[in-house]
Amino acid sequence: MASGHRSGVLELAVLGLLHETPLHGYELRKRLNAFLGAFRAFGYGSLYPCLKDLLAQGLLVEEQPDLAGKPLAGRRSKIVYQLTAEGKERLQQLLAEPGPAAWEDDGFGVRFAFFGQTRADIRLRILEGRRTRLEERLDGVRAAMARTRERLDSYTLELHRHGLESVEREVRWLNELIASERQAGGEGRQSPPPGDNDTSAGTSAS
């Protein structure tokens, strides 16, 4: 199931990036590395099988760029991947899914990165789901620390506190985002979140 979820995250990221502009494989790989690296959801070996699958589904097409002349000897022209109409429709379907996969660690950061293309009500549901998931995690960590405090050395306790503080910071950040979305009145506007637009702020320590 984890593998299937991560392949879904990669599919969303590929479709989302290609919706912005057609890309050849190398450039797409570079952008995915920067885009997904922080969310620990991307392995290079999974990209080309994903592209092959999306091509087979008719969500992408391969195009040879017009080089206005012959390519240099021994050098092949690069294949450019571009979304089809079906690919654009599939992207919108993925962006409209507010279920649990959207607020788990691997999926949330990617979904947040595409909030500019997501309906306001879906954004709010994802943010609230993420907050609930983290609040459950906080309760579990606090309970575990209370049970084991006397058996842990000071360094292990500090490590637990660090993780706890990271999750608490993200919950506060989510509270601000949720308040901003609610203040916007659910009008479907693509309003930016408060503060800087750093998607890495949405990730937390495992």
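The values are calculated or read from the model by the stated rules, or taken from the named source; none is laboratory data. Note that the coordinates shown come from a computational prediction; the quantities given were computed from them, not determined experimentally. Positions of Cβ are generated from backbone atoms using ideal geometry, with glycine treated the same way; all protein chains shown enter the neighbour counts. Side chains included, ligands, DNA and RNA excluded: accessible areas come from the protein's heavy atoms. Shrake-Rupley method; radii C 1.70, N 1.55, O 1.52, S 1.80 Å.
Evaluated against (1) within 16 Å of the chain's Cα centre (by Cα); (2) of a type in the set (A, V, I, L, M, F, W, C); (3) at pLDDT 95 or above, A201 falls short on exactly one condition, (3).
Does L59 satisfy the condition of being open to solvent by less than 40 Å² (accessible area, probe 1.4 Å), within 22 Å of G107 (Cα to Cα), at pLDDT 95 or above and not aromatic (F, W, Y)? Taking the combined requirement at face value, the residue satisfies it. Considering only region 115-136, I want to know if a residue exists there that is modelled with pLDDT under 90 and of a type in the set (A, V, I, L, M, F, W, C). No - not one qualifying residue is present in region 115-136. For region 92-140, a residue qualifies if it is buried (at least 16 other Cβ atoms within 10 Å of the Cβ) and polar (S, T, N, Q), and exactly one does: T118. Under the condition of being of a type in the set (D, E) and open to solvent by less than 50 Å² (accessible area, probe 1.4 Å), the residues counted in region 14-32 number 1. Counting only residues that are open to solvent by 50 Å² or more (accessible area, probe 1.4 Å) and touching a residue at least 40 places away in the same chain (Cβ under 8 Å), region 141-164 holds 1 of them. If only residues of region 82-114 that are closer than 13 Å to G16 by Cβ and in contact with a Leu (Cβ under 7 Å, 6 or more places away or on another chain) are counted, the one that is modelled with the lowest pLDDT is V110. Selection of region 87-140 for residues being in contact (Cβ under 8 Å) with a residue 60 or more places away in the chain and assigned to a loop (DSSP other than H, G, I, E, B) yields E104, F114, R119. Which pairs have Cβ atoms under 9 Å, sit 6 or more apart or on different chains, and link a residue in region 19-30 that is in contact (Cβ under 8 Å) with a residue 12 or more places away in the chain and part of a loop (DSSP other than H, G, I, E, B) to one that is open to solvent by less than 90 Å² (accessible area, probe 1.4 Å) and of a type in the set (A, V, I, L, M)? Pairs that qualify, where the first residue is in contact (Cβ under 8 Å) with a residue 12 or more places away in the chain and part of a loop (DSSP other than H, G, I, E, B) and the partner is open to solvent by less than 90 Å² (accessible area, probe 1.4 Å) and of a type in the set (A, V, I, L, M), are P22/V80; P22/L83. Considering only residues of region 33-49 that are under 13 Å from S7 (Cβ atoms) and crowded, with 17+ Cβ neighbours inside 10 Å, which is modelled with the highest pLDDT? If we take residues in region 33-49 being under 13 Å from S7 (Cβ atoms) and crowded, with 17+ Cβ neighbours inside 10 Å, then L47 is modelled with the highest pLDDT.
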